[in-house]
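Asks: Pasting a structure below so you can have a look.
Taken together, the values in this text are just the output of simple stated rules run on the coordinates, not laboratory data. Just so we're clear, the structure is a prediction, and the values are computed from it rather than from any experiment. Don't worry about glycine lacking a Cβ; one is built from the backbone with ideal geometry, like all the others, and counts go over all protein chains shown.
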Amino acid sequence: MSSFSASYLAETKAILDALDVSQLDRIAEGLAAVRSSGGRLFILGVGGSAGHASHAVNDFRKICGFEAYTPTDNVSELTARVNDEGWDTTFVHWLQGSRLRAGDGLLVFSVGGGNREKRVSNNLVLALEHGKKVGARIYGIVGRDGGYTREAADACVVIPPLNPERVTPHTEGLAAVLWHLLVTHPALKMQATKWESVR
C-alpha cells in the first residue's frame with residue numbers, strides 16, 4: 001500500500017510540473033474582466049465536478065466578490081428538467097432561464113470536457129455552444145484531451161493524463177487545487193480567508 005501512495009503522489013507531482021501555468025493566469029485575468037464588467041459567473045460540472053462547482057461557487061462569491069451560480073445546487077429544478085426534458089439539455093435550458101448573456105462567464109470542471117460524438121457529457125457541449133452563441137466568456141479545468149471545453153474555451157487548463165489508469169482521480173483532485181489557486185490569485189482575491197486572518 002505504501003508503494004501505491006508513493007506512486008500516486010509522484011504522479012501528482014509530475015502532472016503539476018507538466019501543467020501549462022500560462023493558462024491559469026489567462027483564466028484568472030479573463031475572470032477578473034468578467035467581474036469588473038459586471039458579468040456573472042456560472043460554474044458547470046457533472047458527478048464529482050458538480051460537487052466542485054458548488055464549492056467553487058461559494059469561494060468565488062465569498063472570496064472574490066462574484067455573482068456566481070451553478071445549476072446543480074438546485075436539485076428540484078435539475079431533476080425536474082432531467083425528468084421532463086432529458087439530461088442533455090439540463091444545463092443549456094437552465095442557462096437560458098438565467099438569461100446568460102455576453103459579458104458573463106462560464107467555468108467548466110470536467111474529466112473529459114464533453115464529447116458530442118461519444119455522447120459523453122453532452123449537456124456540457126450544448127451549454128458551451130449556447131455560451132459561444134450569446135458571447136459569454138468560457139473557461140475550463142479539464143482532463144484527457146480537453147474535449148469540447150478546450151475547443152470552445154477562451155482559456156483552458158488541461159490536466160495532463162500522464163497515467164491512463166488514473167485520469168479521473170488526478171483530474172478531479174487537481175481541479176480542486178487549481179480553483180483554490182484561482183480564488184487566491186491576486187487578480188481575483190478580494191477578501192482574506194478566515195484562518196489566514198486569525199493571528
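Asks: Over region 25-142, calculate the relative contact order: mean separation of alpha carbon pairs under 8 Å at least 6 apart, over the residue count, as a percent. Show your work: numbers first, answer last.
Replies: Numbers: 180 pairs, mean separation 34.5, N = 118.
Relative contact order here is 29 percent.
Asks: So what is the calculated 222 nm ellipticity per residue for the chain, using -39500 (n - 2.57) for each DSSP H run with n of 4 or more, over all residues, to the nearest 500 deg cm²/dmol?
Replies: On the way: 9 runs with 108 residues, N = 199.
After summing the helix terms and dividing by the residues of the chain, the value is -17000 deg cm²/dmol.
Asks: Counting other Cβ atoms within 10 Å of each Cβ, which trypsin sites (Lys or Arg not before Pro) in region 20-126 have at most 14 and sit in a DSSP loop? Let's see the in-between values first.
Replies: Values: sites: Arg26, Arg35, Arg40, Arg61, Lys62, Arg81, Arg99, Arg101, Arg116, Lys118, Arg119; in loops: Arg40, Arg99, Arg101, Arg116, Lys118, Arg119.
Loop-located and lightly packed - Arg99, Arg101, Lys118, Arg119.
Asks: Also, I was wondering about something else. In region 94-185, which GluC sites (Glu not before Pro) fall in coil by DSSP and have 11 or fewer other Cβ atoms within 10 Å?
Replies: On the way: sites: Glu117, Glu129, Glu151, Glu165, Glu172; in loops: Glu117.
Those that pass, being in a loop and sparsely packed, are Glu117.
Asks: Give me the lysines in straight-line cross-link reach of Lys13: C-alpha distance below 26 Å, same-chain residues under 8 apart excluded.
Replies: Cα-Cα hits under 26 Å: Lys189.
Asks: At most 16 other Cβ atoms within 10 Å and a DSSP loop assignment: could you name the GluC sites (Glu not before Pro) in region 1-92 that fit? Intermediate values should be presented prior to the final figure.
Replies: Details: sites: Glu11, Glu29, Glu67, Glu77, Glu85; in loops: Glu67.
Passing both the DSSP loop test and the Cβ count: Glu67.
Asks: Next up: Which whole-angstrom value gives the distance between the alpha carbon centres of region 151-198 and region 80-109?
Replies: 23 Å
Asks: Normalising by the residue count of the chain, find the relative contact order in percent from Cα pairs under 8 Å and 6+ residues apart.
Replies: That works out to 25 percent.
Asks: Hey, if you drop one equal point scatterer on each alpha-carbon of the chain and run the Debye formula without solvent, what base-10 log of I(q)/I(0) do you get at q = 0.13, 0.15 Å⁻¹?
Replies: Scattering profile of the chain, log10 relative to I(0): -0.68, -0.89.
Asks: I want to verify the translational diffusion coefficient of region 131-199 in µm²/s; compute it with Stokes-Einstein, Rh as the Kirkwood radius over Cα pairs, at 37 °C and 0.692 mPa s. Let's see the in-between values first.
Replies: Working: Rh = 14.0 Å.
Estimated diffusion coefficient is 235 µm²/s.
Asks: Additional query: When we measure straight from the Cα of Lys132, which lysines land under 23 angstrom away, once same-chain ones fewer than 8 places off are left out?
Replies: Lys118
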